[in-house]
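Below: the structure, in structure tokens.
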Amino acid sequence: MSNRLWQSMFWLRILTLLFALLLATVSYWPQWQWLQWLSLLVLYSPSWLYLVLILPWLLGWASLTRWQSLMLAPIFFVSVKMLDVSLYVSRDTQDANFVLLSANLGNITDTKQLASLLIQHNVSVALFQEAKPAMLVAIDDLGWQSHCEAGLCITSRLPFTLEQTISRALFQGYGNFVAFYRVRLAERDLMLANVHFETPRPALESLITLNPNSKTMLQKQSDRALQATIVSEWAKASTTPLIIAGDFNMPTLSPIYQQYLSDFGNALSEKPSQMFSYTKYTRWHGIRIDHQLYRGLAMPLSAQVLALPGADHRPVLVKWRI
């Protein structure tokens, strides 16, 4: 390799490393408008694109010096972080006394398969978003207790009471973005929050069409931040074990998630049963925007993402010890 080409590769690797370190801090970027656009692009673009970060090292491999080889360590770390890969996969356990399934049911057609999932996995309680009572007809045949209101539904083997709902009318929208329930277990009560936060889709679609709508983007970001604040403050004020589950419409690296929700445990992050736990798929990629968070005497034992044909999102199933 010529000296000029060697220097070019050297500086390309330096710039790639700096870019990777910038990506790693996406959760903490300043809330400037153009950076908010950039963070949305980084967080919701196909994560496999970040594998190109390794290319400057693969090209001209024989010319690498020792310290340039060591630079691969942070590159590998950032790639794993952006791909949302679980390097440790937990095993299933028989010690669970509570099984929770959460899923966005938008566009679902086969409700009988949904009922079969609940029986197959011995689900205790299921929380649904973008749901209607008609979607639970097959489950009603099981004799479970169910309740639906403004897009959020719960169905349960265990007795529960609806504590409170909060409407999207606060944000000039339709339906509820959260419903709080109290579930009665054998030894103690458990609080559940069924959430469906605002989607960034309108802002992303305007960006894809090269006509970015900053007003829409900022409004959606503000709405999701306020929704996350309300749910977080409710959870932190509770003295009862609790689980927050549903469609958060944000990955864990989202600045909003990090600011308001990172104090809670995340079952899919801590006890995944798969290397990839993507819950939403497009034609191009998968992303994890559905979660089950917890606080108090709730301990996740295993967490996995299930297949449910026709649904907008893949269900999240977590086995708990409460």
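Values in this text are rule-based calculations from the coordinates and carry no lab data. On a predicted model such as this, the values are computed, not experimentally measured, just so you know. Using ideal geometry, Cβ is built from the backbone for each residue, glycine included, and neighbour counts are taken over all protein chains shown.
In this structure, the amide hydrogen of S302, modeled 1.01 Å from its nitrogen in the peptide plane, lies closer than 5 angstrom to those of K319, counting only residues at least 5 positions away or on a different chain. Packing-based ranking of 108-120, 162-174, 237-249 yields 237-249, 108-120, 162-174, ordered from highest to lowest mean Cβ neighbour count within 10 Å. Between W11 and R91, the C-beta separation translates, for a Förster distance of 56 Å, into a calculated FRET efficiency of about 0.75. Starting from the Cα gyration tensor of the range 248-322, take the square roots of the eigenvalues, sort them a ≥ b ≥ c, and report rounded, prolate or oblate (rounded when a/c is under 1.5, otherwise prolate if a/b is larger than b/c, else oblate). Taking the square roots of the gyration eigenvalues as a ≥ b ≥ c, the range 248-322 is oblate.
Restriction of the trypsin sites (Lys or Arg not before Pro) in the range 1-94 to DSSP coil positions whose beta-carbon has at most 15 other beta-carbons within 10 angstrom yields R91. Across the range 1-155, C-alpha contacts under 8 Å between residues 6 or more apart give a mean separation that, scaled by the residue count, equals a relative contact order of 17 percent.
When only the Cβ of Lys, Arg, Asp and Glu is charged (+1, +1, -1, -1), the dipole of the chain relative to its Cα centre reaches about 780 debye.
The residues neighbouring I287, those whose beta-carbon lies less than 14 Å from its own, together hold a net charge of +2 under the Lys/Arg +1, Asp/Glu -1 convention.
Spacing of the modelled spin labels on L59 and S206, each 7 Å from Cα toward Cβ, amounts to 3.6 nm.
The ranking of S79, S214 by Cβ neighbour count inside 10 Å, starting from the fewest, reads S214, S79.
Think of the chain as a dipole: +1 on every Lys or Arg Cβ, -1 on every Asp or Glu Cβ, centred on the Cα centre; then among W320, L207, A134, L207 lies furthest on the positive end. Residue-wise, which Karplus ³J(HN,Hα) couplings in Hz belong to the range 15-20, taking 6.51 cos²θ - 1.76 cosθ + 1.60, θ = phi - 60°, and x for glycine or proline? Per residue, the Karplus-derived 3J(HN,Hα) values read 5, 5, 4, 4, 5, 5 Hz. Averaging the sequence gap over all C-alpha pairs within less than 8 Å and six or more residues apart, then dividing by the number of residues, gives the chain a relative contact order of 20 percent.
Within the shell defined by Cβ-Cβ distances under 15 Å, the residues around L242 carry a net charge of +2, with Lys and Arg each +1 and Asp and Glu each -1. With the simple spin-label model, which puts each label point 7 Å out from Cα in the Cβ direction, the D140 to L35 separation comes to 5.2 nm.
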